[in-house]
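To start, the structure under review is shown below, and the notes come after it.
The values are calculated or read from the model by the stated rules, or taken from the named source; none is laboratory data. Quick caveat, the model's predicted, so the values are computed rather than measured. When we count neighbours, we look across all protein chains shown, and the Cβ atoms used for this are built from the backbone with ideal geometry, even at glycine. Please note that ligands, DNA and RNA were not included when accessible areas were found on the heavy atoms of the full protein model with its side chains. Shrake-Rupley method; radii C 1.70, N 1.55, O 1.52, S 1.80 Å.
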Amino acid sequence: MRDAVTSLIKNYDRTGRYLDRDAIDQLKSYFSTGTARVQAAAVINSNAATLVKQAASTLFAQVPELIRPGGNAYTTRRYAACLRDMDYYLRYATYALVAGDMDVLDERVLQGLRETYNSLNVPVGPTVFGIGILKDLVAEQVASAGLPTGDYLEQPFDHLIRELGEQDI
């Protein structure tokens, strides 16, 4: 797992270049949101269970066929697996948020997900929808804590949504 600084330096080192103005601007941007990243992670951590429960409730209210007989979240076991996965996405999005780099999401979440979902016959659409709900709830929670929201907070969720949406699962 890398962070924004490590990734930037690695890319410049690979090409044998000194850090240029663009690199310095990227570093400034990362460090200027550093405190907000850590504070947002603390808010997420202290509210994770509530965020997951609210996201699941919203998802199942808007897509009730998921919890009806034959739905992918029907039965206690499948419902619990859905909550577990939402918690998993939230936890790794928080790691990426703090790191300012989406590498952890690619390595720990997205790689191998296609095979897992295919083997379990899990549709990706509701997963993507649920991640979007988590994104909105996190933004509300962070804002209500008096912290700034914006791109730094949305990036991990947007990355998951974009990458899952592009996969043919």
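So, counting K/R as plus one and D/E as minus one, what does the shell of residues with Cβ under 13 Å around L153 add up to? Result for the local shell: -3.
Here the label points at N118 and A61, each 7 Å from Cα along the C-beta direction, are separated by 3.7 nm in the simple model.
Per residue, the chain exposes 56 Å² of accessible surface when a 1.4 Å probe is rolled over the protein heavy atoms with every protein chain present.
Cα centroid separation, the range 92-113 to the range 17-42: 17 Å. Sort the range 35-126 into rounded, prolate or oblate with this rule: let a ≥ b ≥ c be the square roots of the eigenvalues of the Cα gyration tensor; rounded if a/c is under 1.5, and if a/c is not under 1.5, prolate when a/b is larger than b/c, oblate otherwise. It comes out oblate by the Cα gyration axes.
Taking a ≥ b ≥ c as the square roots of the eigenvalues of the Cα gyration tensor, the range 115-169 is prolate, since a/c reaches 1.5 or more and a/b is larger than b/c. Rounded, prolate or oblate: pick one for the range 53-96, where a ≥ b ≥ c are the square roots of the eigenvalues of its C-alpha gyration tensor, a/c under 1.5 means rounded, and failing that, prolate if a/b is larger than b/c, else oblate. Judged from the Cα gyration tensor, the range 53-96 comes out prolate (a/c at least 1.5, a/b above b/c). Taking N72, N121, N47 as the candidate residues, the one with maximal mean-square fluctuation in a Gaussian network model of the chain, Cα springs under 10 Å, is N121. Largest mean-square fluctuation among I24, I67, I44, in a Gaussian network model of the chain whose springs join Cα atoms under 10 Å apart, belongs to I24. Report note on the peptides 148-159, 88-99: ranked by the mean count of other C-beta atoms within 10 Å, highest first, their order is 88-99, 148-159. Ignoring lysines fewer than eight residues from K53 along the same chain, the ones with Cα atoms less than 30 angstrom from its Cα are K135. Under the convention that each Lys and Arg Cβ holds +1 and each Asp and Glu Cβ holds -1, the size of the dipole of the range 61-151 around its Cα centre is about 480 debye.
The C-alpha atoms of the chain define a longest principal axis, and helix 124-144 lies at about 60 degrees to it. Each Lys and Arg contributes +1 and each Asp and Glu -1, all at the Cβ; summed about the Cα centre of the chain, the dipole is approximately 440 debye.
Estimated purely from DSSP H runs of n ≥ 4, each contributing -39500 (n - 2.57), the mean residue ellipticity at 222 nm for the chain is -24000 deg cm²/dmol once divided by its residues.
Split the accessible area of the range 48-109 by element, probe 1.4 Å, and carbon with sulfur accounts for 53%.
Put a dot 7 Å past the Cα of A139, heading toward its Cβ, do the same for T75, and the two dots end up 3.7 nm apart. Shown here are the Rg and Dmax of the Cα trace of the range 2-55, at 16.1, 48 Å.
Which option, (1) 21, 20, 17; (2) 32, 20, 11; (3) 37, 18, 13, is the value of semi-axes √(5λ) of the Cα gyration tensor in Å that was calculated from these coordinates? Read-out from the structure maps to (2).
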